[in-house]
Amino acid sequence: MLAHNGIMIIFTLLVALVATIMPLPLSVDAFRPDWVLVVLLYWSLALPSRVNVITAWFMGFLLDVLLGSILGIHAAAMALCVYIVVGNFQKIRNFSLWQQALIVGVVSALYHLLVFWSQRLLTDVVFLPSYLYPVLTTIVLWPWAFLLLRKIRRHFSIK
Amino acid sequence: MNPIFKHGPSAQHRLVLVLFCSALLIFFDHKMNSFEFIRGYLQSMVSPLQYIASTPKQAIDWAVENIATRRQLIEENQQLKSNELIFKEQAMQLEIIKQENERLRALLASPVRKDAKKMVAEIISVDTDPYSHQVVINRGANDGIFEGQPVIAEKGIVGQVLHVGTISSRVILITDVTQSIPVRIKRNGVRLLANGTGTIDRLTHNFVPHTTDIKEGDLLVTSGLGGKFPEGYPVAEVRAVRTDESRPFAQVQSKPTADIDRLRYMLLLWPEKPTSIFSSKEDLAEPEGDNNAGS
């Protein structure tokens, strides 16, 4: 993991975790993009041999601990989403940036629904449309995150 | 990287492995609660991240506190002075009432209430998970925090401590879906149960008969039943009572009195020792040892 500047991968993932738990006003909070998912998806598209399902599961597990949810829920959802993307990374790589953004949006929606479904099975939560607001901001975030992370990858020549 | 010749187990095997791990974790965490102990360690492990994440907010708070104009400070000072006057006057009355109450309780041979130990805590992070209402505070096992400890803010009950880390712990709020708190109506003492709804400004009350004397604006205070929360702290104010005779029970909704979405400082309480009304005179005579107020 640490060879070829792999520490930068871990660093970007930690920054994404911090951005996920940063306190924000309640009105903005509903639109918080899925930072961890976006960063994970970028690395799994760029370096599928290094960042894969296991990494995604660990990040999801950390998210579970940080968010105080039932352990394993975010981990499973994250792993499943990354599995789907890693399975098709050669196709998705060839799409244009905006097409990629839409695909990331679909994956993010799946992620939120997976989390909701598992919560629904375990406790009596009720679905609110606001649970899917982050999908919109995630779509907007993807191109910028993609360009920034590509710059980081090239600058530090992470292989 | 070499996508043609893969090393290690295939992606499917990995997925099956991690999903199996997740299923195990969910089962043991949710159904068996066997992670209560480990959660504390995990909480301590990730608390640096939480401190980093709350730095920008604290910097802004610091800036707001330090870059205040002279006029604002003077206004605030005057406001505080007038408040202090009012509170002092109330404190004097309270002292008299306290003495009177103690005398009456002594006459009834019921135990005299003691001041509980308290500690101020500051919120360092709020959960972004929409499915649960939790906050993280800057007090942990080092400060003597324990699981299930009641937490209040200046206007009422906020919640209870869920997991304790070394230097930070997690508080679950009363509005969380999984939380219920025994309350009574302050006006007439009718007992109810306040259930969280997952919405920040609403609690519901199930199984309230149509004939119950409850109306909008009633203040609900903790009843102290169940032994988790001390008695008499405000919890919520009744907002809506719908008595639809076609339904088996009246539908009652209330709003928490504490500003759950605007919390910054909270107070942790150490509950008094459980006392019974049939306690003997010897119990009353025990010296007041543990009523030192914390910082």
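Since every read-out is calculated from the coordinates, none of them should be taken as a lab result. No experiment lies behind these values; they were computed from the predicted model shown. Here the Cβ positions follow ideal geometry from the backbone for every residue, glycine too, while neighbour counts run over all protein chains shown.
Estimated from helices alone, the mean residue ellipticity of chain A at 222 nm is -24000 deg cm²/dmol (sum of -39500 (n - 2.57) over DSSP H runs with n ≥ 4, per residue). Using only the alpha-carbon atoms, how far is helix B:11-26 inclined from the longest principal axis of chain B? Give it as 0 to 90 degrees, nearest 10. It is inclined by approximately 20 degrees. Averaged over the residues of A:78-86, the number of partner chain Cβ atoms lying within 10 Å of the residue Cβ comes to 3. For chain B, find the longest principal axis of its Cα atoms and tell me its angle to the long axis of helix B:70-108, 0 to 90°, nearest 10. Taking Cα atoms only, the helix is inclined about 60 degrees. Inter-chain Cβ neighbour count for B:43-53, averaged per residue, equals 4 (cutoff 10 Å, partner chain atoms only).
Packing here is the average count of other Cβ atoms within 10 Å per residue, and on that basis the peptides A:5-16, B:74-85, highest first, run A:5-16, B:74-85.
Peptides B:27-36, B:258-267 ranked from most to least packed, by the mean per-residue count of other Cβ atoms within 10 Å: B:258-267, B:27-36. Relative to the longest principal axis of the Cα atoms of chain B, the long axis of helix B:36-53 lies at roughly 90 degrees.
Structural descriptor for chain B: relative contact order 18 percent, calculated from alpha carbon pairs under 8 angstrom and at least 6 residues apart. What percent do you get for the relative contact order of chain A when only Cα pairs under 8 Å and 6+ apart count? After rounding, I find 29 percent. A straight line joining the Cα centroids of the range B:211-276 and the range B:16-57 runs 31 Å.
Centre-to-centre, using Cα atoms only, the range B:149-175 and the range A:85-134 are separated by 32 Å.
For the set B:81/B:117; B:215/B:255; B:186/B:255; B:88/B:186; B:81/B:118, the pairs lying more than 23 angstrom apart at their alpha carbons are B:81/B:117; B:88/B:186; B:81/B:118. Annotation: amide H of residue B:166 within the under-5 Å range of B:44, B:141, sequence separation 5 or more or interchain, hydrogens built in the peptide plane. Mean per-residue shielding of peptide A:49-62 is 4, counting Cβ atoms of other chains within 10 Å of each Cβ.
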